[in-house]
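These notes concern the structure reproduced below.
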């Protein structure tokens, strides 16, 4: 009879768990994003709790700091980029007659300076540009909708973040207490996951945001239209291994050359090489330290797959998933080979 009761309670518990997952599914992005931010800011939270003994007030100050120092600049630039994207969309939809004139000028420039480079590919810039414009016009509505959803996700994230700041220590203790693993393994897993979160947040994503911001400033200085929009795109391009922001900088330099702004094109090229190119070497080691590093190809594939699976938040959730996977996999292999926490 006792066995039947245990079996019933187990499956009843699993059923409730599945229902709970479906209930929380619409808020999954906000929960994970808030958790990642809370882990990345754990040292700040610990310091704040020492300075301000009232945990609720300390958590509120932390959230205000995130809003003022992180979210406000991002949302401001995002709003500006959205406005510029809307303007560009209207321009592309209503003034497509200008495309052949611009592409013909670019074709003449290439034929003049690089007459044989693209001959083997039979490059038709006008056809290629027209295809890109049609794709942009067709999909920009979905992009704008995704951005609005992202704003709502961020708003909910702030509420969740407050409770993570306030009760994060208690939540960690709850996980350790109720996990089927021993407490030592729980602490090891949580520590490795924390290292993975910091590597993604401070490494790939923060550096990409800084490079995108510097690229946008360069576009503003040297007269490239819609600098906030292209700077945002450059931040995403910075996640691409090897090429990075050059995927945005090279077309911008070509645009300046075609429009006759040779000096500005040279200045932008110098800006991209010095101001943007040195970020990885100078800022990267200080932000990432000895954290869990992902291969650039894994970062690229995880970002692309993450965006496809999770939407815009996949830029964070994709690399974070793989970082956590590799961290937990290392621990699993150690336990399978008979290692212990102390010997590992």
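Look at the range 250-269 and say how many of its residues are touching a residue at least 24 places away in the same chain (Cβ under 8 Å) and assigned to a helix (DSSP H, G or I).
Summing the residues that are touching a residue at least 24 places away in the same chain (Cβ under 8 Å) and assigned to a helix (DSSP H, G or I) in the range 250-269 gives 10.
Please work out which residue is nearest to residue 318 (Cα to Cα), limiting yourself to the range 49-59 and to residues that are at pLDDT 90 or above and surrounded by 16 or more Cβ atoms within 10 Å (Cβ to Cβ).
My answer is 59.
Considering only the range 308-319, how many residues are more than 10 Å from the chain's Cα centre (by Cα) and touching a residue at least 40 places away in the same chain (Cβ under 8 Å)?
2
Residue-wise test of (1) farther than 23 Å from residue 233 by Cβ; (2) modelled with pLDDT of 75 or more.
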position: 61; (1), (2): yes, yes
position: 64; (1), (2): yes, yes
position: 67; (1), (2): yes, yes
position: 71; (1), (2): no, yes
position: 77; (1), (2): no, yes
position: 82; (1), (2): no, no
position: 95; (1), (2): no, no
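If I ask for residues that are at pLDDT below 80 and within 24 Å of the chain's Cα centre (by Cα), which ones from the range 179-192 would you list?
Passing the criteria: 189, 192.
In the set 17, 22, 27, 10, which member is over 28 Å from residue 158 (Cβ atoms) and part of a helix (DSSP H, G or I)?
Matching residue, one of 17, 22, 27, 10: 10.
Looking at this structure, is residue 319 in contact with a helix residue (DSSP H, G or I) (Cβ under 9 Å, 6 or more places away or on another chain), modelled with pLDDT of 75 or more and part of a loop (DSSP other than H, G, I, E, B)?
no
Given the conditions (1) more than 30 Å from residue 322 (Cβ to Cβ); (2) surrounded by 20 or more Cβ atoms within 10 Å (Cβ to Cβ); (3) at pLDDT below 90, which single one is not true for residue 222?
The one condition residue 222 does not meet is (3).
Considering each of 203, 212, 216 in turn, give the residue that is assigned to a helix (DSSP H, G or I), within 18 Å of the chain's Cα centre (by Cα) and modelled with pLDDT of 90 or more.
Being assigned to a helix (DSSP H, G or I), within 18 Å of the chain's Cα centre (by Cα) and modelled with pLDDT of 90 or more holds for just one of 203, 212, 216, which is 216.
The values are calculated or read from the model by the stated rules, or taken from the named source; none is laboratory data. Worth saying up front: this structure is predicted, and the values here are computed from it rather than measured. Note that we place each Cβ from the backbone using ideal geometry, even for glycine, and neighbour counts take in every protein chain shown.
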